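To keep things clear, I will list the structure first and then write my remarks on it.
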Amino acid sequence: MYFINPFKGLRPKEEEASSVVIASTDHLSKQDIENFKNKNPWNYLNVFAEENNKKSKEQFNLMKKKSILTKDKENSFYIYKISTADHAQVGIVGTAKLSAYDNLHIRGHEEIFLERAQKRLKQMDNLNAQIGPIYVIYPDNEELTELIKKEIVEKPTYSFDALDKCKHEMWIVNEENKVKRICDLFNSINRIYIADGHHRMEALSKLSEFKKHRNPNHTGNELYNYFMVAIFPQSQARLLDYNRLIKDLYGYSEKNFIKEVKKKFKVEKQSNSFKPKKPQTFGMYLDKQWYSLELKEPPEENLFHIINLDINLLHYYLLEPILGIGDPRYDNRIDFLAGFHGLEGIENKVDTNYAKVGFALFATQMENVISFADKKLNMPPKSTWFDPKPLDGLIAYDFE
């Protein structure tokens, strides 16, 4: 088998797609999500509403029985375009062998938390299927880019706006010569990087081992030895800023807090909101006022062993020594806000007293992510926010 392979996708009817798929719900309120579920009984959210129990599986099987979902008869690749008002990315959905994850042809950058991975494992074991792809990045390949461009001039099989405010389009490629060419090109690339889905990836790896141990006739070619990926070129994947909110000033008054910050940073008042445009600069919102922050002295070289990421610098020079913030994974005085909320998202959280101070960061760069992954190191917590993201349920991969 190839590094990246075609498969027989389980997918909704064209006219049902927008009501079946799960979009990223980060943009939505709980009430919006609940309303959408109720209005769309065949949406996958209703499959997961009864988590990991018999009703979940019954709902999924009913969707197949009623032909809401049908499985393709031919092995195919699925070209997938996601567009926003100011961004577009086009990739390919296929499958990869799980052994490639173990031998580092597929590289990750995020710490795995067992509880989250186990939850994903139970869901997939219950349905005997992977409902959403792992979002991965591949180093740009000119020939593959040209092949994709030629395919997307045709009318897509799917084209609709989803709840994430993105347009999603998909083309199905099952001509034998084209399928083989895509396989050959990915073989020449031979490495991909996980952008989003590390816990799902870990769960799939464990699930494969469970199924292997249950199967006395295991050969290594069963469907459970593979997993579904949505693969986008490195140059098109978009990373947004991942900002910080701190819920109190650790006993400081606003005046004394700024006085402390000025010991390490140049602090300048801004007449408008301040979004950093280069590394090692920060925006700070406090008491209805924006400030720009920049370190007075260059940070120690390779302070964090590999690269001085902005989130580490902010933590090392300000959040920990001045505000007493500990491990951001466990300290409940810190919260995080993805960049799609905009700077007004920070303002709203501070103005409504959810937080006392907010910090806007320059987005982590893709080359940083790849550098960490190549060195088998984990990125710091809450350091990457990939946007937009592939939908769950537009293509599913079942192990039957």
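The values are calculated or read from the model by the stated rules, or taken from the named source; none is laboratory data. Just so it is clear, the structure is predicted and the values come from calculations on it, not from any experiment. Glycine gets a Cβ as well: all are built from the backbone with ideal geometry, and neighbour counts include every protein chain shown.
Could you tell me which residue of segment 338-377 is surrounded by the fewest Cβ atoms within 10 Å (Cβ to Cβ), considering only residues that are at pLDDT 95 or above and in a strand (DSSP E or B)?
Out of the qualifying residues, it is Leu361.
Which condition number does Ile79 fail, the rest of (1) of a type in the set (Val, Ile, Thr); (2) closer than 19 Å to Val173 by Cβ; (3) over 20 Å from the mean Cα position of the chain (by Cα) being met?
(3)
Would you point out which residue out of Asp392, Asp374 is assigned by TED's automatic domain parsing to the domain that holds Asp196, among the acidic types (Asp, Glu) and in contact (Cβ under 8 Å) with a residue 60 or more places away in the chain?
Going through Asp392, Asp374 in turn, the sole match is Asp392.
Within the set of pairs 6 or more residues apart or between chains, which connect a residue that is more than 30 Å from Gln89 (Cβ to Cβ) inside segment 238-263 to a residue that is modelled with pLDDT of 95 or more and among the β-branched types (Val, Ile, Thr) with Cβ atoms less than 6 Å apart?
Sorted first by the residue in segment 238-263, then by its partner, the pairs are Ile246/Ile334; Ile246/Val357; Glu260/Ile322; Val261/Val267.
Out of all the residues in segment 155-162, is one or more modelled with pLDDT of 95 or more, crowded, with 21+ Cβ neighbours inside 10 Å and not small (Gly, Ala, Ser)?
So far as segment 155-162 goes, yes, one or more of its residues are modelled with pLDDT of 95 or more, crowded, with 21+ Cβ neighbours inside 10 Å and not small (Gly, Ala, Ser).
When the residues of segment 231-283 are filtered to those that are of a type in the set (A, V, I, L, M) and outside any loop (DSSP other than H, G, I, E, B), which remaining residue is farthest from Arg191 (Cα to Cα)?
Ile258
So that you can scan it fast, the table gives a plain yes or no per residue for (1) surrounded by 14 or more Cβ atoms within 10 Å (Cβ to Cβ); (2) not in a helix (DSSP H, G or I):
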position	(1), (2)
Thr95	yes, yes
Ala100	yes, no
Glu111	no, yes
Glu115	no, no
Arg120	yes, no
Asn126	yes, no
